[in-house]
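Right, one structure below, let's go through it.
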Amino acid sequence: RQAAGEQTARAIFMLPILLGKIGLPGTNNGASDFLFHTTDVMTMPTGKNPVSAKVPCFKWLEAVERGHEMTALTDGIKGAPKLDTDVKCVFMYQGNWLLNQHSDCNATAKILADESKLEFIFVMDNHMTASAKFADILLPDITWLENSRIVAFSTHL
C-alpha cells in the first residue's frame, strides 16, 4: 500500500474514457474481460444471522468504543435504527482490515490490545498479517492453489 495508491487503479479505468475508446474493438473499461463461475463440491449449512445491523467499514473501530451510541442517522448504520451494544467480538477471514484500513494504526493497535474493549478476535488466514498478530484464536487457511472447488473459466469447466 502507498499514499493515494488507489488512484492508480482509478486511472486505469479512466484512461479509455478520457481517450474516447469505450466500446471500440480491442478496448474495454480496464476491468477483467472474463467471468469466474464456481461450484462448491460440498458446503456446510450456515444458518441465519439474527443481527441485521451493519457498521460501515471505516467506523467499526468506533463501534468498539461507542457502539451503543451509534445510529443510522449519525453514523450510517444499515439494517437497524441503532446499535444496541458495543462490538465485543470480531471474526475475520482472509483479510487484514483490523489494522490496515484505519488512518491511525497506532491508536487502532492500542484499542485492539485492550481486552476490556474488544474481548475476542478470531482470525483465519493463510498469511501472518498485522491483524492476525492480535488474534485470540488464529487458524491456518488454504491458498487458492489448495482449494478443492470446481472453478469454471468463462464458459468452460
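The values are calculated or read from the model by the stated rules, or taken from the named source; none is laboratory data. The structure displayed is predicted, hence computed values, not measured ones. Don't worry about glycine lacking a Cβ; one is built from the backbone with ideal geometry, like all the others, and counts go over all protein chains shown.
Just give me the residues in the stretch 86-107 being outside any strand (DSSP E or B), surrounded by 15 or more Cβ atoms within 10 Å (Cβ to Cβ) and at pLDDT 90 or above, in sequence order.
Step one: filter the stretch 86-107 for residues outside any strand (DSSP E or B), giving 86-88, 94-107.
Adding the requirement that they be surrounded by 15 or more Cβ atoms within 10 Å (Cβ to Cβ) leaves 86-87, 96, 98-99, 101-102.
Those that are outside any strand (DSSP E or B), surrounded by 15 or more Cβ atoms within 10 Å (Cβ to Cβ) and at pLDDT 90 or above: Asp86, Val87.
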Just one listed residue, out of Lys117, Lys110, is of a type in the set (Lys, Arg), surrounded by 12 or more Cβ atoms within 10 Å (Cβ to Cβ) and modelled with pLDDT of 90 or more, and it is Lys117
Residues (under 16 Å from the mean Cα position of the chain (by Cα) and not charged (D, E, K, R)) located in the stretch 104-135: Ile121, Phe122, Val123, Met124, Asn126, His127, Thr129, Ala130, Ser131, Ala132
What is the number of the single condition among (1) on the phi > 0 side of the Ramachandran plot; (2) touching a strand residue (DSSP E or B) at 6+ places or on another chain (Cβ under 7 Å) that Gly76 does not meet? (2)
